[in-house]
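What follows is calculated from the coordinates using simple rules that are stated; it is not laboratory data. Source: prediction; values computed, not measured. Methodologically, a virtual Cβ is constructed for each residue, glycine included, from the backbone with ideal geometry; neighbour enumeration extends over all protein chains shown.
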Amino acid sequence: MPAFRLILKYLVVFPMSFTFIISCSDRQVIFPPVMDAKTRGYCGSCHMAFQPSMLPARSWQLLMDGLDDHFDEKVVLKPSLEKAIRQYHIINAADSPTAGLAGQTALMGLRPSKNPLRITDTPYFKQEHNFLENKILDEWVGSATNCPVCHVGAWVGDYSV
Ligand code: HEC
Ligand code: HEC
């Protein structure tokens, strides 16, 4: 019954896929939460443990290479721990296959020649927060790095709240 198939295709399947595309683009991006206990424990002791899918692997490599002088703090980790935490960040980095849409979103507008050490230095972060003036940030939260002050969903990677 080719006529029936045609009707099915144009009246049912096409509109359905269209609605699907619209509802997908409306959905908020979730940055996969940090599931590694070592990373949560050690990288979450001074600030929240940031989701690896917010920076590319090359940034995490640089950051892990520079723990001796980590934003004026010295972060000391046993070599085995350093290796495990580094690996967790690389495997789940924004440009890894596991990061999916969240990673692609985080990398929006970031030139391949740039290796930001801060999420707050990425074009995506700046675009999402361009309504916040530095003065307001300083007065309200001390530093934009303090995501959970404004985002109750920060720990679970949901920054829409
Ligand atoms: C001894 C405390 C301490 C530990 C432990 C620590 N950090 Fe930090 N981290 C800092 C400080 C201080 C800053 C800068 C905060 C600011 O500018 O407000 C920072 C900033 C960052 C930033 C930049 C955030 C942004 O976008 O502004 C990243 C990314 C980061 N840390 C990752 C890590 C990772 C990964 C680990 C674990 C290997 C880690 N940190 C462990 C103290 C620490
Ligand atoms: C001073 C408050 C404040 C701080 C601090 C802050 N944000 Fe935001 N952020 C906002 C507001 C307000 C929005 C817009 C919310 C919206 O569009 O629903 C936003 C939007 C976002 C979005 C886009 C969310 C979406 O679903 O469209 C992301 C991702 C994000 N922030 C990540 C971060 C990260 C990561 C940090 C910490 C490094 C951070 N924010 C720190 C206030 C803040």
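A few points about this structure:
- Rounded to whole Hz, the Karplus (6.51, -1.76, 1.60) HN-Hα couplings of the stretch 54-62, x for glycine and proline: 9, 9, x, 4, 4, 5, 5, 4, 4
- HN-Hα J in Hz across the stretch 108-116 - Karplus 6.51, -1.76, 1.60, θ = phi - 60°, x for Gly and Pro: 3, x, 7, 6, x, 7, 9, 10, x
- What you get for the stretch 28-156, charging only the Cβ of Lys and Arg (+1) and of Asp and Glu (-1), is a dipole of about 380 debye around the Cα centre.
- Considering all different alpha carbon pairs of the stretch 28-156, the Kirkwood hydrodynamic radius works out to 15.2 Å.
- Legend: ranking of residues 30, 85 from fewest to most surrounding C-beta atoms inside 10 Å; resulting order 30, 85.
- Amide proton proximity set for residue 159, modelled H, under 5 Å, gap of 5+: 31
- For the stretch 35-139, chymotrypsin sites (Phe, Trp or Tyr not before Pro) are listed when DSSP marks them as loop and at most 16 other Cβ atoms sit within 10 Å of their Cβ; the list is 71, 131.
- In loop segments of the stretch 93-161 as defined by DSSP, the GluC sites (Glu not before Pro) with at most 10 further C-beta atoms inside 10 Å of their C-beta are 133.
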